[in-house]
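**Student:** Questions regarding the structure given below will be posed in turn.
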Amino acid sequence: MILLTVLFLCIISTYSASVKGHTTGPSLNNDKLYKFAYSAEVYVDRVKASLQKSAGYRISSGVDVNLLWRNPDNDDDQLVKITMKDVQVENVNERPADKNIFKGKSTEKIIGKEYLETLQRPIMVELVRGKIKTFYSYQNEPGFTQNIKRGLASLFQLQLHSGSSREVDISGKCDTTYHVRQDQVTKIKDLDSCEIERKKFTSHNRILDVSTKATSATVYVLEDSFIKSIKAEENFVFALNYRRKTGAKIVSKQRLELKSVQAGTGLIAAKQVAGVIKTLDPNYVAIPLEAEPVKSECKKCPSLSEHWKNIREQMHPDKLSKPDAAKSFLSFIQNIRKATKEEILKIIKSENKELLPQVVDAVTSAQTPESLEAVLEFLDFKDASTFILQERFLYACGFASHPSEMLLKSLTEKFKGDVASQEIRETLVIVMGALIRKLCDRDGCKLPAVVEARRLILNRLEKANKDDNVQMYLLALKNALLPEAIPVLLKYAESGEGPISSLAATALQRYDPSFLTKEVKETMNRIYHQTRKIHEKTVRTTAAAIILNSNPSYMEVKNILLSIGELPMEMNKYMLSMIQDILRFEMPASKTVRQVLKDMRAHNYDRFSKMGSSSAYTGYITRGPDVSSTYSLDILYSGSGILRRSNMNIRVFDRSTDLHAIQVVLEAQGLESIIAATPDEGEENLDSFAGMSAILFGFQLRPVTFFQGYGDLMSKMLSATGDPMNVVKGLVLLTDFLQEIQLQSGPTASAEFMGGLAIDISGGMEFSLWYRESKTNVKNRVAMFVAGNTKVDSFFVKTGMETTLETETALDFISTVQFSQYPFLVCMQMDRVDSPFRTHMTKYESLPSGRRYTARRGKAATLAGNEYPLHQENSNMCKKVFGAKSDSAGSWF
């Protein structure tokens, strides 16, 4: 806090002064030896935890600094020798002897004799106007010792006047700002601006990602034109956006304090620096001041095959709804990312058919060139017998957290080649659409593979003749969300027939309102009000939703309200329910709706007392400080009481963005012949059809068809078992964050957060002709495991913190309809079972010898199950449905 206070005072100060008349950089006196005490500390802990209880370590030493050479033509060009002496490694906080991993170990044993000698070998820096022009050291020194010395050398770089510049130091090339006030200089480094090669990737959606904040400040106190003391501090903070309590921080501190000034050696006479270096030791060479990558090898880590043997039982299909499955999935991905193509293929080719789909999930989610090559070599798209594996591969591609251009290029080539299964061919192009959007969101729209895929989808849609092909490309555009596709979608929404028109409309519904131009809204108004042609209820209600969710005008809202009463009976009730939901939930259009309702022509008893069973309802699942989540249930029936469309959505959002977590749509048409009912206007010639469509974490999956045509309907009704049909089942990588960090003090740090989801979504429709009753059931089973690993690796000592959280739950949506009377009885239920929630945190310090200190904490709780409330009318209806039902079970076809 003292350091931050000093920084604040320095930043707001408008006073800038030179120091002791020297205007460029610090100056060492001739024939003097400056003796400093130096320490470098690292801390790892929870974000708000006190540093006094953090894991970490301290490297301390004496530092001798003396001037070797000064340019005879420029006093500000100096060659300085810096030597670390009496290096010690110790705990950063006091610990009892039994918890002190350094107890009884000398520095030579901790670091190693040769490494210690290397660390204490002098370095030389050429300072020109206070900036390091050249860094000299032995060429082949180990990277970790070289980086520690780079971190020390970087402290000596400063300027003695206020201002900003791009500087190169151990952190790379960074934007640096200096504030000078009398004998004090504050250096602030913008770590986000640093250009340095380090591995980093993030999740596609911000809500599933990790927030980061990095700061760096160094305060110099000067005396007699040279450094009296230096205090430097870097802070790196990481937090899961959907649960900020799950996070970590890394703090790196450096201190350098002048202890004494003694008589030193004289200057070396020379015209150029090169001559001085050659005279001192020809083994010294100029090397970059920027840190070099350092990787420590894990000597006791199991191979990929050994790791798979240890976890494979947790990945069995029967256990996929448990957190242990997601946990094993994440650890497997981590190991795959270190493996070769051959090691990956060995496991894929040797596994049985029950576990192979889970292996494909993990291999694809690893997203390395080696894993992609391995899975593409194994899968044969010309062979329909491996349909399940091909589908799991493609869905894992669709959920990819940071897809590569090579992945999209590979899928495009597969799509243009021979594909045995039409369903896989459809899934291929749907996934291509999802990848286009993700690459475009990362400024990759102009990549050759993206340009080719966009052109292919749009061109083939234009030439498509069969309805199935048109729907396939529309689904791809529904994922891609290309601005140039909006005119195409408008054409199909207004001019298309049946499912094609509905699909195009729902694709437009996914666009951000900023893309919905005047032309879009005019088209949606024409569809809703049927000014050019008759449209199905599903298309008209989607058009109304688009209008109401895109900053509608007063007249647009008024015309929609005035239409209520002139619509088919169930559509009247649905639109009325939609308007009431907007008002109750305070949606963006609510203000305009309230203005319109002041007009009694729009707001009267006749209009607001329409009968029917269709409904639209939105409610909160959770409301928290980090994120909130909502559910919405929209149900539209035909006039005869048969389900037309059921739409369940779950959204997660924070203050700046949202995530469409789940959408499950059950849709049916042309079923009136079953009960000898009359179809609604515009739906007289529709084929019998029922199916389900799902969106999962923003990714539109390939729809599932229950039946198509009257013959198929009767066949399936007579042979149905009542079991739900699976929509998606597998393992999904949700959060995938990695950031490698170069600490200014020399060590390499990293923060890795991964979140895995084991998911099973299924749905079904059942009919009882005898009891004149129908049911729809959507089952959502999920288990989630999140693991965070934040560590600092100095080769000879590691410290870090591991955090985990896990939960599992089930969410069921059941709709029961009794159509033996009118108005028919409809009961909707949305239930969640008890959900256990567990968190664990482990802090550690370890030596290569195996000596280790750990501190653990854990917490467990259960979130009680809940039946989510819908509107009061639904509650009353459910009492009638279950009160009227016979105690004996009916016979279901």
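The values are calculated or read from the model by the stated rules, or taken from the named source; none is laboratory data. Fair warning: this is a prediction, and the values are worked out from it, not measured in the lab. Cβ coordinates were reconstructed from backbone atoms using ideal geometry, including for glycine residues, and neighbour counts include every protein chain displayed. These area figures cover heavy atoms from the full protein model, side chains too; ligands, DNA and RNA do not enter into them. Shrake-Rupley method; radii C 1.70, N 1.55, O 1.52, S 1.80 Å.
**Student:** To the nearest 10 degrees, how steep is helix 448-463 against the longest Cα principal axis of the chain, on a 0 to 90 scale?
**Tutor:** In the chain, helix 448-463 runs at an angle near 10 degrees to the longest axis.
**Student:** Same structure, new question: Per residue, how much accessible area does segment 205-259 have with a 1.4 Å probe, in Å²?
**Tutor:** Each residue of segment 205-259 exposes 37 Å² on average to a 1.4 Å probe.
**Student:** Let me ask another. Just want to confirm a number: the relative contact order over segment 152-295, from Cα pairs under 8 angstrom separated by 6+ residues, in percent.
**Tutor:** 18 percent
**Student:** Through the Karplus equation 6.51 cos²θ - 1.76 cosθ + 1.60, θ set to phi - 60°, convert the phi angles of segment 651-667 into ³J(HN,Hα) values in whole Hz; use x for Gly and Pro.
**Tutor:** 10, 10, 8, 10, 6, 10, 8, 9, 10, 7, 5, 9, 9, 10, 10, 9, 10
**Student:** Only bridges whose two residues both fall in the chain count here: according to DSSP, what percent of them are antiparallel, nearest 5?
**Tutor:** 100 percent
**Student:** Tell me the Kirkwood radius of segment 380-494: reciprocal of the mean inverse pair distance over distinct alpha-carbon atoms, in Å.
**Tutor:** 14.2 Å is the Kirkwood radius here.
**Student:** Gain in length, Ser305 to Asn93, computed as 0.36 nm per residue apart minus the alpha-carbon separation, to one decimal in nm?
**Tutor:** Contour length minus Cα-Cα distance gives 72.4 nm.
**Student:** Quick one: which residues, 5+ away or cross-chain, put their amide H under 5 Å from the amide H of Phe795? H built at 1.01 Å from N.
**Tutor:** none
**Student:** Looking at this model, which pairs from Lys103/Lys843; Lys319/Lys798; Lys103/Lys249; Lys295/Lys843; Lys53/Lys231 are more than 24 angstrom apart at the alpha-carbon?
**Tutor:** In this structure, Lys319/Lys798; Lys103/Lys249 exceed 24 Å between Cα atoms.
**Student:** Using 0.36 nm times the number of residues separating Asp383 and Asp31, minus their current alpha carbon distance, what extension gain do you get?
**Tutor:** Once the chain is fully extended between Asp383 and Asp31, it gains 118.6 nm.
**Student:** Residues with amide H under 5 Å of Lys173's amide H, sequence separation 5 or more or different chain, H placed in the peptide plane at 1.01 Å from N; which?
**Tutor:** Glu195
**Student:** Quick check: the angle from helix 872-884's long axis to the longest principal axis of the chain, C-alpha only, nearest 10 degrees?
**Tutor:** Helix 872-884 and the main axis of the chain meet at about 60 degrees.
**Student:** Could you give the angle, 0 to 90 degrees to the nearest 10, between helix 341-350's Cα long axis and the longest principal axis of the Cα atoms of the chain?
**Tutor:** 40 degrees
**Student:** With a point put 7 Å past each Cα toward its Cβ, work out how far Glu257 is from Ser495 in nm, to one decimal.
**Tutor:** Distance between the two pseudo-spin positions: 8.1 nm.
**Student:** Another question, if that's okay. So what is log10(I(q)/I(0)) for segment 458-543 at q = 0.11, 0.14, 0.18, 0.26 1/Å, when the Debye sum runs over its Cα atoms only?
**Tutor:** -0.25, -0.41, -0.69, -1.37
**Student:** In the chain, if every C-alpha pair distance is counted and binned at 20 Å from zero, what percent goes to each bin?
**Tutor:** 13, 37, 29, 16, 5, 0
**Student:** Also, I was wondering about something else. Going by average Cβ neighbours within 10 Å, how do the peptides 222-230, 857-865, 772-780 rank, with the highest at the top?
**Tutor:** Peptide ranking by packing, descending: 772-780, 222-230, 857-865.
**Student:** Label Asp831 and Leu562 with points 7 Å out from Cα along Cα→Cβ: what is the distance between them in nm?
**Tutor:** The answer from the label model is 4.7 nm.
**Student:** If you take the Cα Rg of segment 308-352 and divide it by 2.2 N^0.38 Å, with N the number of residues, what do you get?
**Tutor:** In units of the globular-protein estimate, segment 308-352 measures up at 1.18.
**Student:** Placing one identical point scatterer on every Cα of segment 196-284 and ignoring solvent, what is log10 I(q)/I(0) from the Debye formula at q = 0.15, 0.20, 0.24 Å⁻¹?
**Tutor:** Scattering profile of segment 196-284, log10 relative to I(0): -0.85, -1.04, -1.13.
**Student:** Probe radius 1.4 Å, ligands and nucleic acids ignored: give me the carbon and sulfur share of the accessible area of the chain as a rounded percent.
**Tutor:** 49 percent
**Student:** Can you give the FRET efficiency to the nearest 0.05 for Arg655 and Asp86, using r as the Cβ-Cβ distance and R₀ = 45 Å?
**Tutor:** That gives a FRET efficiency of 0.30.
**Student:** While we're here: Could you pull the Cα extents of segment 266-335 along its three principal axes, largest to smallest, in whole Å?
**Tutor:** 79, 20, 17
**Student:** May I ask for the distance between the Cα centers of segment 453-517 and segment 109-164, given as a whole number of Å?
**Tutor:** 59 Å
**Student:** Could you tell me the distance between the Cα centroids of segment 777-804 and segment 296-373, to the nearest Å?
**Tutor:** Computed from Cα coordinates, the inter-centre distance equals 17 Å.
**Student:** Related question: Can you tell me which of 120-128, 264-272 comes out highest on packing, and rank the rest after it, using the mean Cβ neighbours within 10 Å?
**Tutor:** Result, highest mean first: 120-128, 264-272.
**Student:** Can you give the calculated 222 nm mean residue ellipticity of the chain, where each DSSP H run of n ≥ 4 adds -39,500 (n - 2.57) and the sum is split over every residue, rounded to the nearest 500 deg cm²/dmol?
**Tutor:** For the chain, the value works out to -9500 deg cm²/dmol.
**Student:** Number of Lys-Lys pairs in segment 525-674 under 15 Å by Cα, sequence gap 8 or more or different chains?
**Tutor:** Lysine pairs meeting both conditions in segment 525-674 amount to 4.
**Student:** Another question about this same structure. In nm², what is the average projected area of the convex hull enclosing the Cα atoms of segment 104-257?
**Tutor:** The Cα convex hull of segment 104-257, projected and averaged over all directions, gives 12.4 nm².
**Student:** Can you work out ³J(HN,Hα) from phi for every residue in segment 836-843, in order, using Karplus 6.51 cos²θ - 1.76 cosθ + 1.60 and θ = phi - 60°, giving whole Hz and x for Gly and Pro?
**Tutor:** Each residue's phi maps through the Karplus curve to give x, 9, 10, 10, 9, 9, 10, 9 Hz.
**Student:** Can I ask one more? Could you give the radius of gyration (one decimal) and Dmax (whole number) of the Cα atoms in segment 48-146, in Å?
**Tutor:** Every Cα atom of segment 48-146 included, Rg and Dmax give 18.0, 59 Å.
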